[in-house]
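Since the structure comes first, as structure tokens, the remarks are kept for the end.
The values are calculated or read from the model by the stated rules, or taken from the named source; none is laboratory data. On a predicted model such as this, the values are computed, not experimentally measured, just so you know. No Cβ is skipped: glycine too gets one built from the backbone with ideal geometry, and neighbour counts run over all protein chains shown. Heavy atoms of the whole protein, side chains included, go into the accessibility calculation; ligands, DNA and RNA do not. Shrake-Rupley method; radii C 1.70, N 1.55, O 1.52, S 1.80 Å.
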Amino acid sequence: MMRKNWLRGSALVLVLPLGCATTQYQPQLVARGELILRYDGGFVASAQGIKVAQGLSYRGLEQFVACVPDAQRHARSAQRHGGAAIALSVLGITLSLASMGSLVGLTDTPNQWAWLGGGLATGAVGLTLSALSWREKNQANGHALDAINYYNDAVGSLGASCRDLRYPPAAGPVAPVGDDASVTSQDSLR
């Protein structure tokens, strides 16, 4: 009885991480050129309500962040790793399905073990390629997030974009500079 409960609990723990995720939060205040990222089955980067790039390919991100060298470098890496993830995934799935063809070998009695061995080897290669695809996907998403952060820190969150590098005036009061700033901060502590 205890073993059955343990098996049920283990099955539940294995199934839980396979669920899908979506982003429910919508930013309330976004600067004019700022990139925002949402997740709904895949990452989507947008600015001013217009989709800029979408994972895994991240096409368009490099051009959008081109005025920030670090952001451009990460966007290029995101696109490269995303393309590799897609290619490895397709190859992995193809080889895994092809390995099922080895079951035909069960009818070829004298050579059935060669067929099954070849099928197992092909399946193992397919599984390995799929695992490498997962790694490339994580790399692509990480580089895309870095590109967006570098861009927003340098340009986007300040209200500009690479296409229009005019920064809007500050909305609040200007912070005091010099000796007045230290006196004001010391007086406010008392």
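Each Lys or Arg adds one and each Asp or Glu takes one away; over the other residues whose Cβ falls under 13 Å from the Cβ of SER57, this sums to +3. Charges were assigned to the Cβ only: +1 to each Lys and Arg, -1 to each Asp and Glu. The resulting dipole of the stretch 20-161 about its Cα centre is roughly 180 debye. Heavy-atom accessible surface of the stretch 20-161, averaged per residue, reaches 58 Å², computed with a 1.4 Å probe.
With a cut-off of 13 Å between beta carbons, the residues surrounding ALA71 carry a summed charge of -3, where Lys and Arg count +1 and Asp and Glu -1.
In this structure the amide hydrogen of ALA53, modeled in the peptide plane, comes within under 5 Å of the amide hydrogens of ALA45, none closer than 5 places in sequence on its chain. Element breakdown for the stretch 20-161 at a 1.4 angstrom probe: carbon and sulfur atoms account for 61% of the accessible area. Computed over the stretch 20-161, the range of Cα coordinates on each principal axis works out to 73, 31, 17 Å, biggest value leading.
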